[in-house]
Amino acid sequence: MITIVVAIGENSGIGSDNQMLWHLPKDLKHFKEITSGHPVIMGRKTFESIGKPLPNRTNIIISRKNDWFEEGVLIVGSIKEAIKFAKKIDDDIFIIGGGNIYQQTMDIADRIELTTVKANIEADTFFPEIDEKIWKKTNEVFHEKDEKNQYDLYFQTYEKIKSE
Ligand SMILES: NC(=O)c1ccc[n+]([C@@H]2O[C@H](COP(=O)([O-])OP(=O)(O)OC[C@H]3O[C@@H](n4cnc5c(N)ncnc54)[C@H](OP(=O)(O)O)[C@@H]3O)[C@@H](O)[C@H]2O)c1
């Protein structure tokens, strides 16, 4: 199972200036619960934006640079290679961004764990359209904003519709 994990705003924005658009502890907790113990695949820019390997997960970073090195992560040169290594570790693989990597993995993903943040914040990086002919929403949970989480949000699961 290949799962994309992403948080989008109302305009499908996911980031700006190589940073996230919000700080929502509720979503960070959700992300940790979903991905802990499993391999996570991300683009080099997302890794640099996080700044360090995510603990308790094999971090697989995709880059075309052949002189780029970071301690504690597995660096690969293509999406295919990332998936190949991740599959050796676990059956459950998580693709965690960013925009460039999401664009290239919508076709191979089986599931999307989507957080929709009820905010319209200017962004320079976006998540691709979720085509309802291809994806079916199978779960949705609403969380109201509170003193620690500035925006209302939905946790939604989309599964790829299997062709017969
Ligand atoms: N809201 C969310 O859930 C979420 C999640 C993740 C990230 N983000 C945001 O997204 C933004 C970053 O996304 P991004 O689109 O700019 O960058 P990205 O997808 O994180 O990384 C792009 C980089 O990945 C490498 N790459 C991409 N495709 C490749 C391929 N086919 N083969 C080999 N290497 C490949 C290249 O690295 P090299 O240049 O090293 O070759 C490329 O520059 C940030 O603002 C971040 O905060 C948001």
Restricting to segment 26-69, count the residues that are within 26 Å of THR116 (Cβ to Cβ) and among the basic types (Lys, Arg).
5
Scanning segment 32-69 for residues that are within 11 Å of the ligand (Cβ to nearest atom) and modelled with pLDDT under 95, which turns out least open to solvent (accessible area, probe 1.4 Å)?
TRP68
Condition (residue is in contact (Cβ under 8 Å) with a residue 40 or more places away in the chain, part of a loop (DSSP other than H, G, I, E, B) and either touching an Asp or Glu at 6+ places or on another chain (Cβ under 7 Å) or more than 26 Å from GLU129 (Cα to Cα) (or both)) applied to segment 62-83: is it met by at least one residue?
no
Only residues that are over 17 Å from MET1 (Cα atoms), open to solvent by 40 Å² or more (accessible area, probe 1.4 Å) and in contact (Cβ under 8 Å) with a residue 12 or more places away in the chain: list them for segment 147-164, please.
LYS148, GLN150, TYR151, ASP152, TYR154
Determine if segment 113-129 includes at least one residue that is open to solvent by 70 Å² or more (accessible area, probe 1.4 Å), part of a strand (DSSP E or B), touching a residue at least 12 places away in the same chain (Cβ under 8 Å) and not acidic (Asp, Glu).
yes
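When residues of segment 13-25 are filtered for being closer than 19 Å to PHE127 by Cβ and open to solvent by 40 Å² or more (accessible area, probe 1.4 Å), how many remain?
5
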Against the conditions (1) within 21 Å of LEU28 (Cα to Cα); (2) hydrophobic (A, V, I, L, M, F, W, C); (3) out of contact with any Pro (no Cβ under 9 Å at 6 or more places or on another chain), where does PHE94 fall short? Just the number, please.
(3)
Taking segment 17-31 and keeping residues within 6 Å of the ligand (Cβ to nearest atom) and at negative phi leaves GLN19, MET20
Matching residues in segment 86-104 - criterion: being surrounded by fewer than 20 Cβ atoms within 10 Å (Cβ to Cβ) and either among the polar types (S, T, N, Q) or within 16 Å of GLU129 (Cβ to Cβ) (or both):
ASN100, GLN103, GLN104
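The values are calculated or read from the model by the stated rules, or taken from the named source; none is laboratory data. The model shown is predicted, which means the values in this text are computed figures rather than measured ones. So basically every Cβ, Gly included, is an ideal-geometry build from the backbone, and we count neighbours across all protein chains shown. The protein model used for the area step is the full one, side chains on, heavy atoms only, and it has no ligands, DNA or RNA in it. Shrake-Rupley method; radii C 1.70, N 1.55, O 1.52, S 1.80 Å.
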